[in-house]
Amino acid sequence: GSVWISLIDSFLVFEEMAGYVDNGKIKLGTDYRPSVIADFMRQRRNWSKKWDIGDLEVFGQSFWKWWRSLQPSSRIHEDRLIKLDIVDWDGLQDKSGRNGITLVIGVLLWW
């Protein structure tokens with residue numbers, strides 16, 4: 001829907017600002033990352049394969065725990081993400097490419 005379109009539009013702006021850099025280095029933390037994501041990366045990111053994420057609820061909990069671990073500490077309050085008017089996103093520009101935000105958004109497609 002419209003939220004997905006907005007996400008993709010913002011993502012494309014982000015990648016453009018980062019210069020579409022993709023040097024292949026791992027850039028996102030792996031703490032709490034669902035194991036199927038590591039499998040996906042080891043198998044050369046086969047986007048056409050239907051990946052078995054297992055139990056949907058367990059995968060969702062794992063995904064959100066991983067996502068929270070990637071956030072600036074200022075966005076976490078009592079183990080929940082909060083929206084702030086001003087957030088220090090320093091370092092976000094280093095999260096472009098196939099192992100960065102692209103990976104997170106791609107994984108949302110499995111859900």
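Largest GNM mean-square fluctuation across 28, 56, 84, computed for the chain with C-alpha springs under 10 Å, falls on 84. With distances taken between every two different alpha-carbon atoms, the chain has a Kirkwood hydrodynamic radius of 15.2 Å. A straight chain from residue 32 to residue 83 at 0.36 nm per residue would run longer than the Cα-Cα distance by 16.2 nm.
Counting only Cα atoms, the stretch 70-111 measures 27, 25, 15 Å along its principal axes, largest extent leading. For residue 27, a cut-off of 16 angstrom between C-alpha atoms picks up these lysines, skipping any fewer than 8 places away in its own chain: 95.
Assuming charge only on the beta carbon of Lys and Arg (+1) and of Asp and Glu (-1), the dipole of the chain about its Cα centre is about 440 debye to the nearest 20.
For the stretch 7-46, the alpha carbon convex hull comes to 109 Å³ per residue, rounded to a whole number.
Counting only protein heavy atoms and using a 1.4 Å probe, the accessible area of residue 16 comes to about 120 Å².
Extension gain for residue 55-residue 105 works out to 16.1 nm (0.36 nm per residue, less the C-alpha to C-alpha distance). Label-to-label distance for residue 43 and residue 73 is 3.8 nm, based on points extended 7 Å past Cα in the beta-carbon direction.
The values are calculated or read from the model by the stated rules, or taken from the named source; none is laboratory data. Here the structure is a predicted model, which is why all the values come from computation and not from measurement. Positions of Cβ are backbone-derived with ideal geometry, glycine not excepted, and every protein chain shown enters the neighbour counts. Protein only, heavy atoms only, side chains kept; ligands, DNA and RNA dropped before computing areas. Shrake-Rupley method; radii C 1.70, N 1.55, O 1.52, S 1.80 Å.
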